[in-house]
Amino acid sequence: MKQILLITDGCSNVGMSPIVAAAHAKSEGIAVNVVGVVDHGELGEYGASEIHEIARAGGGISRLVQAKELAQTVQMMTRKTVVQTIQLAVQRELQAVLGNDSIEALPPEKRGEVVQVMDELTETSSLQVALLIDASASMRPKLASVEESIHDLMLSLQARAGKSEISVFHFPGSKQEDCVMDLDWTTHLNGVHSIFPKLHMSGTTPTGPALMKVVEHFIESKSLRETEMDGMLGDDVV
Amino acid sequence: MTTSFKLPIKKGSLIVGKWKQGHYRVERLLGEGANGKVFLVSKDWQWYAMKIGQSTVDLQSEINALKALSEYNSSQSSYLKDVDDWITPEGKEIPFYTMRYIKGTNIVSYMQLHGYEWFPLVALHLLRCLEELHRAGWVFGDLKLENIIVGQYGEVELIDFGGATLIGKGVKQFTEIYDRGYWNCGSRSADAQYDLFSFAILCLHLFAPQKLHQLSKGLLPQNRSAVELMELVTETPQLKPYANWLEKAFKGSFSSSKDAAEQWRMLAHQRKPLMKQKHTPRWLKIIIAVSLISLAASASLYVLDYTGLLN
């Protein structure tokens, strides 16, 4: 299962629309979740609606939270999206077998068995989460909270039975790149003291192009072993 | 991140099960958990607590845990009563389950009402609840003040099994301040020690709520630790007798929750471990010796006097 988690505090202002980029991600079987950090209400109505639109196009979920709530939010969203992804796959199976597509349509006794299988899959399926961090100037005071939430997410993922990996990107880069990778796929953060050592904060927010870069990275690193679970869910996971 | 949802429910609303046609009348809202709202309802002159969920899957997952527990343990068997769906007047299908209604209050109001003298016993009952769960192979996960009901004489019931997780799996649902991972004291894998850690936080939450809050907000994430928590324990006079116990809970050094409950019981009864009591204290030995000697002396004087040898 593949997810992108975008943490941002404002509107994109350069390049491709992030909503189109999120739709691209979805078509590659990657769910896009978005957290808007709204400490001083600088996001505005337009920014908020962009955040929700990105998540909708990317088949994920979106939340607007304060920096101090980031850790709890990030780990819960990740888990929720895993559950949703499995739910969608299971519903497709139900559609094929029973001709109805919802778990709700099953009588409560049958439902119990289906959900038990889903819980098992939630726990054991392999998972890749790419974190994409908006590092524009206004995000600077929030980066400590972002780092904390990444460590916290790793802790939750390590408790899973299935293989879980994260990678971290930030945008924009100091030399006009759309996006820079800070951490390649890893299953632990041992020895990683600072994920963002020194960031050169810049004014532009190329959210769309950055999202596309991360999608490319997923495709390039596809060599990572496919587990049984990925096989079962097929390509159009979300 | 509890998202509230609106339900077309008020006092007197009638909820009819879609599959089993159970008729329930709503009395009032009892509480709200991460997976749904709990109402007090009546059916055939009986009270029940009804949990109405937002997501069928989340609620069913909780029901599965409750079922598995009932199968293991007969005392929990009457906990889960009915599982069904309700079609609201607007035509929305909402899942619910009913459980036995436990009359009681939360720990904080119980203590305020009956006195902190009850604390050691209530805590012991809570530890026994956890022990039972762990024996069945489950961890409660989201242990916190809100998820505990205390009955008239300090009996304890756990409510809201949304965080219940099979031992060895990743804890499903937790609350930051009660979480072992948050305090850098271990993993988020479900084991008995995870619940015991939350239990120890709960003790702090009871006696030093403000300070606990300040501590969690004031420290940098990497500085949260068992040492900081223990410092708070030593600043809290009510927890002094339990300081050693709490330290073990924070460090995860209890071998099992049975062991933890047993050690708590010793403290609650203010008993010293038996082996130490076999020793007769030295001062007592001396006093006994002195009294024996003086008895012998006075007795011999008496005998001598009686036989007339002293004259």
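Each value in this text was obtained by applying a stated rule to the coordinates, not by laboratory testing. The model shown is predicted, which means the values in this text are computed figures rather than measured ones. Quick reminder, even Gly has a Cβ in these numbers, built from the backbone with ideal geometry, and neighbours come from all protein chains shown.
For the listed residue pairs B:103/B:217; A:142/B:51; A:80/B:11; B:144/B:217; A:110/A:222; B:51/B:211, the alpha carbons are over 29 angstrom apart in B:103/B:217; A:142/B:51; A:80/B:11; A:110/A:222; B:51/B:211.
With the gyration tensor restricted to C-alpha atoms of the stretch B:14-100, the semi-axes of the equivalent ellipsoid amount to 20, 15, 12 Å, longest first. Shown here: the stretch A:37-102, whose C-alpha atoms stretch 50, 24, 14 Å along the first, second and third principal axes, sorted largest to smallest. For the Cα trace of the stretch B:104-310, dividing Rg by the Kirkwood Rh returns an Rg/Rh value of 1.27.
In the stretch B:1-110, what chymotrypsin sites (Phe, Trp or Tyr not before Pro) fall in a loop by DSSP, with at most 15 other Cβ atoms inside 10 Å? Mind dumping the intermediate values first?
Details: sites: B:5, B:19, B:24, B:39, B:45, B:47, B:48, B:72, B:79, B:86, B:96, B:97, B:101, B:110; in loops: B:5, B:19, B:45, B:79, B:101.
Listed in order of number, the matching sites are B:5, B:19, B:45.
Computed with the Debye formula from one identical point scatterer per Cα of the protein assembly as shown, without solvent, the log10 of I(q)/I(0) at q = 0.07, 0.08, 0.09 Å⁻¹ comes to -0.48, -0.61, -0.75. Within the protein assembly as shown, antiparallel bridges make up roughly 65 percent of the DSSP beta bridges whose residues both belong there. With a/c under 1.5 counting as rounded, go ahead and sort chain A into rounded, prolate or oblate using the C-alpha gyration tensor (a ≥ b ≥ c being the square roots of the eigenvalues; past the cut-off, prolate if a/b is larger than b/c, else oblate). In terms of gyration-tensor shape, prolate.
So for the stretch A:50-167, considering every pair of alpha-carbon atoms, how many percent are separated by more than 16 Å? The proportion of pairs with Cα distances above 16 Å equals 68 percent.
Straight-distance candidates among the aspartates and glutamates for linking to residue A:2, with alpha-carbon spacing under 17 Å and chain neighbours fewer than 8 residues away dropped: A:28, A:123, A:165, A:184, A:216, A:220, A:226, A:228, A:230, A:235, A:236.
Per residue, the convex hull around the alpha carbon atoms of the stretch B:222-273 comes to 76 Å³. Candidate membrane-span-like segments in chain B, meaning DSSP H helices with Cα atoms spread over at least 30 Å of their own axis and a Kyte-Doolittle mean of -0.5 or above, are B:282-306, with no membrane implied.
Where nothing but the Cβ of Lys and Arg (+1) and of Asp and Glu (-1) is charged, how large is the charge dipole of the stretch B:104-310 around its Cα centre, in debye to the nearest 20?
Working: 21 positive and 19 negative charges, 129 e Å.
With only Lys, Arg, Asp and Glu charged at Cβ, the dipole is about 620 debye.
How crowded by other chains is B:49-55, given as the mean number of beta carbons from other chains within 10 Å of each beta carbon? Spell out each step's value before the answer.
Numbers: counts 0, 0, 0, 0, 0, 0, 6.
Taking the mean over all residues of the peptide, I get 1.
Taking a ≥ b ≥ c as the square roots of the eigenvalues of the alpha-carbon gyration tensor, the stretch B:162-247 is classed prolate because a/c is 1.5 or more and a/b outweighs b/c.
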